[in-house]
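Undergrad: First, the structure itself, so that you have it in front of you.
Laboratory data are not the source of any read-out in this text; all were calculated from the coordinates shown. Every value quoted in this text rests on a predicted model; they were computed, and no experiment measured them. Cβ atoms come from the backbone with ideal geometry, glycine included; neighbour counts cover every protein chain shown.
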């Protein structure tokens, strides 16, 4: 997640005026709907942000969190078993892509055999995730559970530093979740992008580096990955792993709200995951102009802009999955920023992948020629 920090909540149910669902002629008069219009089939909003930093807290989620914290504090694994039983019940019906699968992973670790624990930590990035949360008798995991579910009041509760801290921990547990592949089908997303050795990828909104390190392995020693985020703690974690694993093809960049900070004409691919819905709903038009144009400038002439974000899901058909934005809104807005949709993929109902190329010349209409996979 790109960690823009706000002290208030957004509840959007309308589209911004810069993302028309209809094509317009050169005079600005509305024409017939473009091919990529969003069909409205329910009362679900085309774009919804809710809270930037956290998924909704529920009664059962809080109870499971309380049991897990009790297991860590008391070393009584019966509490971990109770938490596990709740997660088995609520994961299929509540927060899709939320914190539950990561917390269930910790329950499984605590309840597992020595061999199963070793297997869980066989992947070096999963082990690093575990070490971050388990260090000093699980201090960071205990803090996350306490802050997330408000199990007790901390000294900085309600302050900006307290909000920043839970936002950082939430980002970390959501996006470096060892079970992310299971719900996101990450490997299918990466396979579809056909990343070549020697290329340069800008991972904008890298968070603690989930995609950064996957890209690093694919581009190889002659390639480069730029890990870009506004949160210094995320970048420091990435730097620590680069040092620990002797990774030399990753560079970190602390960006600004209005610019990704990527050198001009340097990137073969700009990648943004779970970020564009924040840009669409929270940035002013002037800041948005500068930010999106910085992405455009960063790309080589034949470079690709890749957007992965949450799809609109008809209410009641799938678990709640937090913020979402209709892909048509992104396609329409980026068209007017000079990007054309080249490919699109959707491996799960809640997640889509949009691949854009910079437009080299003005085209007469908005007819979509993209390949639908």
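Undergrad: Relative to the compact-globule scaling 2.2 N^0.38 Å, provide the ratio for the alpha-carbon radius of gyration of segment 183-372.
TA: Details: Rg = 16.3 Å, N = 190, 2.2 N^0.38 = 16.2 Å.
That works out to 1.01 for segment 183-372.
Undergrad: Can you sort 206, 274, 266, 78 from fewest to most other Cβ atoms within 10 Å of each residue's own Cβ?
TA: Working: 206 33, 274 22, 266 16, 78 12.
So the residues, fewest neighbours to most, are 78, 266, 274, 206.
Undergrad: Given a Förster radius of 45 Å and the C-beta distance between residue 232 and residue 360 as r, what FRET efficiency does 1/(1 + (r/R0)^6) yield to the nearest 0.05?
TA: On the way: r = 38 Å, r/R0 = 0.83.
So the FRET efficiency works out to roughly 0.75.
Undergrad: Further question: Once the Cβ-Cβ distance between residue 188 and residue 218 is put in as r, and R0 is 22 Å, what FRET efficiency do you end up with, to the nearest 0.05? It would help to have the intermediate numbers written out before the result.
TA: Values: r = 14 Å, r/R0 = 0.65.
Computed FRET efficiency for residue 188 and residue 218 comes out at 0.95.
Undergrad: If R0 is 41 Å, what FRET efficiency do you get for residue 156 and residue 196 from their C-beta distance, rounded to 0.05?
TA: After rounding, the FRET efficiency stands at 0.35.
Undergrad: On the Cα set of segment 48-191, report Rg and Dmax in Å, please.
TA: When restricted to Cα atoms, segment 48-191 yields Rg and Dmax of 14.9, 46 Å.
Undergrad: May I ask you to sort 336, 276, 345, 210 by Cβ crowding, counting other Cβ atoms within 10 Å and putting the fewest first? It would help to have the intermediate numbers written out before the result.
TA: Working: 336 13, 276 25, 345 18, 210 21.
In increasing order of surrounding Cβ atoms, one gets 336, 345, 210, 276.
Undergrad: Could the peptides 99-105, 163-169, 267-273 be put in order, highest first, of the mean number of other beta-carbon atoms found within 10 Å of their residues? The partial results should precede the final answer.
TA: Numbers: 99-105: 22.1, 163-169: 20.0, 267-273: 24.0.
So the order, starting with the most tightly packed, is 267-273, 99-105, 163-169.
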